[in-house]
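**Q** Take a look at the following structure, please.
What follows draws every value from the coordinates through simple rules; no lab data is involved. All values reported here derive from a predicted model rather than from experimental measurement. A quick note on method: Cβ atoms are made from the backbone with ideal geometry, for glycine too, and the neighbour counts reach across all protein chains shown.
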Amino acid sequence: MNYYKFFITKSPYFKPVHYKALRTYTSYHGFLLQTLVSLLVPSSPFLLCWCFLDTLDQSNQERWHHRRLDPPGFPLVAGLQPFSFAFRASEKRVQSLFFTVDSLLSVGVPVESSIGTPPVKQLGIADTGSDLTWTQCKPCTQCYKQNIPLFDPRRTKTYRRVSCESDQCNAVGSASCDSRNACQYQVSYGDRSYSIGDLAVETFTFGSSSGGNVSFPKVVFGCGHENDGTFSATGSGIIGLGGGSLSIINQLDTSIGGKFSYCLTFLDSNISSTISFGSNAVVAGRRVVSTPLVKKSPDTFYFLTLEGVSVGKQRLQYTASNSKAEVADEGNIIIDSGTTLTFLPSELYQELESTLERAIEGKRATDSQGVFSLCYELPSDGELKSPPIVAHFKGADLALREGSTFVEVEKGVVCLTLVPSQDLAIFGNLHQMNYKIGYDLVKQEVNFLPTDCSKAQ
């Protein structure tokens, strides 16, 4: 089932329209917004929203820079080629598009939690790039397949729907009211995936490092009765860890003190990734490096400052976008556990690719979809030898883990998992693996500790 819903409005802030996504266009890329308007509604100031642009045809050199916002999920655009949402592997976006390695497709942070009273186990994909938490619920008029049973709000004592006049309903951004004046949310994504259902409050329970459980009452979440697209059967929904008001992080702020952390395991690990809150989320030790968070709009995103990257001993500088000064813009990249690849500004990426080309001895190849810029034939010994890559954040140098920089994207073809972008730069989850990453929203910093996440407690 393909879901299409359209609104027409003159204002990018009109509530039924995806106001957070459009505000991002306005703040960062106003010219891109105007391009979209003219493409969708030629010679018109009106904007057609919840639009799926997969009929637009551009060169493979132009890419969608997939960003999912919550609410309600609309892609930032760097070109108009509709395949970058496949990079959003946490929800197995468009599996048949070009990835043939299941492990790459399933990248994400599945978080086990329990919902309701009595508690019922759920598995959501942790996403620092969105706010609203939702799970599939009975009765389901349209649901994607999931491995665990659907949550049934009729079998819990603590489930309550949210009023249409509430601040929580207003914060969702794209909502409507039913005949009982209860709030109904609508979230859509650039690859036609969507969730529609009831906004409600419920008790959420998470495990703690001490071995016990910690419960949080009256957490606002989405109980999805109509959900479809390319979500993975391993997950029952989304855990929104962004910085917005509906994020579970902000909802639990008084209990967790603005602290959470996660540790992502490698693609081939049989051990689940972990997430911690509050005092259990403190990342400490002599090998910890820290980088400041930069406050920018939209508040959903966690902005960092990337100063450059190194290939072996050669450092490539990330210079300011609007000057010749050899200093990086503050807050020039976001860190996102829900985006798979790392997106770099085109100029920095081109330097990186050229440097790697000179250093790597191998036979060049192309992936069949023409998505990746730097690919090689997989050597007979199964290992492409490439120099180490280090990402230099302000105050923190992170070595990108071997095995995550070049990945086999189809049989016999390995490609660089850093890609160019004309739009917002993103530090994706492939390059966060085997680091314990702690967010301290009080101190406004992110801490990184090299860790074997398959053994981390």
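**Q** Full extension from Ser380 to Asp178: what is 0.36 nm times the residue separation minus their Cα-Cα distance, to one decimal in nm?
**A** Between Ser380 and Asp178, full extension yields 66.6 nm more.
**Q** Glu402 to Gln444: extension gain in nm, 0.36 nm per residue of separation minus the Cα-Cα distance?
**A** Computed gain between Glu402 and Gln444 is 12.2 nm.
**Q** Evaluate the charge dipole of region 125-226 about its Cα centre and quote only its size in Debye, nearest 20, assuming +1 on the Cβ of each Lys and Arg and -1 on the Cβ of each Asp and Glu.
**A** Here the size comes out at about 440 debye.
**Q** Find the centroid of the Cα atoms in region 242-289 and in region 333-364, then give the distance between the two in whole Å.
**A** Here the two parts' Cα centres lie 27 Å apart.
**Q** Further question on the same structure: Could the peptides 345-357, 413-425, 141-153 be put in order, highest first, of the mean number of other beta-carbon atoms found within 10 Å of their residues?
**A** 413-425, 345-357, 141-153
**Q** Let me ask something else. Along the Cα-to-C-beta direction of Asn270, a point sits 7 Å from the Cα; which residues of region 430-457 have their amide N less than 19 Å from that point?
**A** 452-457
**Q** Measuring from a point 7 Å past the Cα of Asn213 along Cα-to-C-beta, which residues in region 122-139 have an amide N at less than 14 Å?
**A** 122-123
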